[in-house]
1. Failed condition for G70, given (1) in contact with a helix residue (DSSP H, G or I) (Cβ under 9 Å, 6 or more places away or on another chain); (2) in contact (Cβ under 8 Å) with a residue 24 or more places away in the chain; (3) closer than 30 Å to E24 by Cβ; (4) not in a strand (DSSP E or B), with all others met?
2. Across the range 169-188, which residue is surrounded by the most Cβ atoms within 10 Å (Cβ to Cβ) among those that are aliphatic (A, V, I, L, M) and assigned to a helix (DSSP H, G or I)?
3. Checking A16 against (1) free of Cβ contacts under 8 Å to residues at least 60 places away in the same chain; (2) surrounded by fewer than 21 Cβ atoms within 10 Å (Cβ to Cβ); (3) touching a strand residue (DSSP E or B) at 6+ places or on another chain (Cβ under 9 Å), only one condition comes out false. Which one?
4. Out of contact with any Gly (no Cβ under 8 Å at 6 or more places or on another chain) and either assigned to a helix (DSSP H, G or I) or among the polar types (S, T, N, Q) (or both): does that describe G23?
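The values are calculated or read from the model by the stated rules, or taken from the named source; none is laboratory data. The structure displayed is predicted, hence computed values, not measured ones. Please note: Cβ atoms are built from the backbone with ideal geometry, for glycine as well, and neighbour counts cover all protein chains shown.
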Amino acid sequence: MSGLSSAPSGAADFAAVIAAELGEAVRGIDAAQAEAFADALDGAANVFTAGAGRSGLMAKALAMRLMHSGSAAYVVGETTTPGIGPGDLLVIGSGSGETRTLVPMAEQARSLGADVAVVTLKADSTLAKLASLTVILPGAPKSREQGDYATIQPMGSLFEQVLLLFGDACVLRLMQRRGLDTNRMYGRHANLE
């Protein structure tokens, strides 16, 4: 139970267990891979994000914060997303690295001259092999047949949460590089709400 000697007895206790799991997992992020990912985000003409299910929601969250930080960022599949090409970066979040709908997307981006960054649990996955940059995040796979991190959470929750935190951390790194603060970021926030 990741740091608790007794079973959680309520939602607040479960939240504490999840926070402890996240604390342990983020300490396992490779610093060099993280900095290379931040470099790729910073240097891309346009950033496109993609993922399936909850990983896709985390990819959307990354695109939103990249837009706030001044990047041209798009979510694959949205009606206003332009075409991808040389100088662009496709970021794919996939715990398994085998998501069938994402593999052809990575292949197409590469064939059009774009770079592909894959954030995954599995260094030997199909998507990781297609990537020009791979970040291996700590976490637990949906099936508990493999993985270094024990979790009380269902399915891919730990990976998805670490994916969100990793994206936010990389945006903080971009903010640092670009001399941005939260007030300047807020100036790019949606204002028709």
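1. It fails just one condition, (3).
2. If we filter the range 169-188 for residues that are aliphatic (A, V, I, L, M), which is where we start, we get 169, 171-172, 174-175, 180, 185.
Then keep just the ones that are assigned to a helix (DSSP H, G or I); that gives 169, 171-172, 174-175, 185.
Details: A169: 14, V171: 22, L172: 14, L174: 19, M175: 18, M185: 17.
Result: V171.
3. Here A16 clears every test but (3).
4. Details: out of contact with any Gly (no Cβ under 8 Å at 6 or more places or on another chain): yes; either assigned to a helix (DSSP H, G or I) or among the polar types (S, T, N, Q) (or both): yes.
Criteria met by G23.
Residues are listed down the side, and each one gets a yes or a no for (1) modelled with pLDDT of 95 or more; (2) farther than 18 Å from Q33 by Cβ; (3) part of a helix (DSSP H, G or I); (4) of a type in the set (S, T, N, Q):
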| residue | (1), (2), (3), (4) |
| --- | --- |
| I84 | yes, yes, no, no |
| T101 | yes, yes, no, yes |
| V119 | yes, no, no, no |
| A128 | yes, no, yes, no |
| T134 | yes, no, no, yes |
| A140 | no, yes, no, no |
| S143 | no, yes, no, yes |
| Y149 | no, no, no, no |
| I152 | no, yes, no, no |
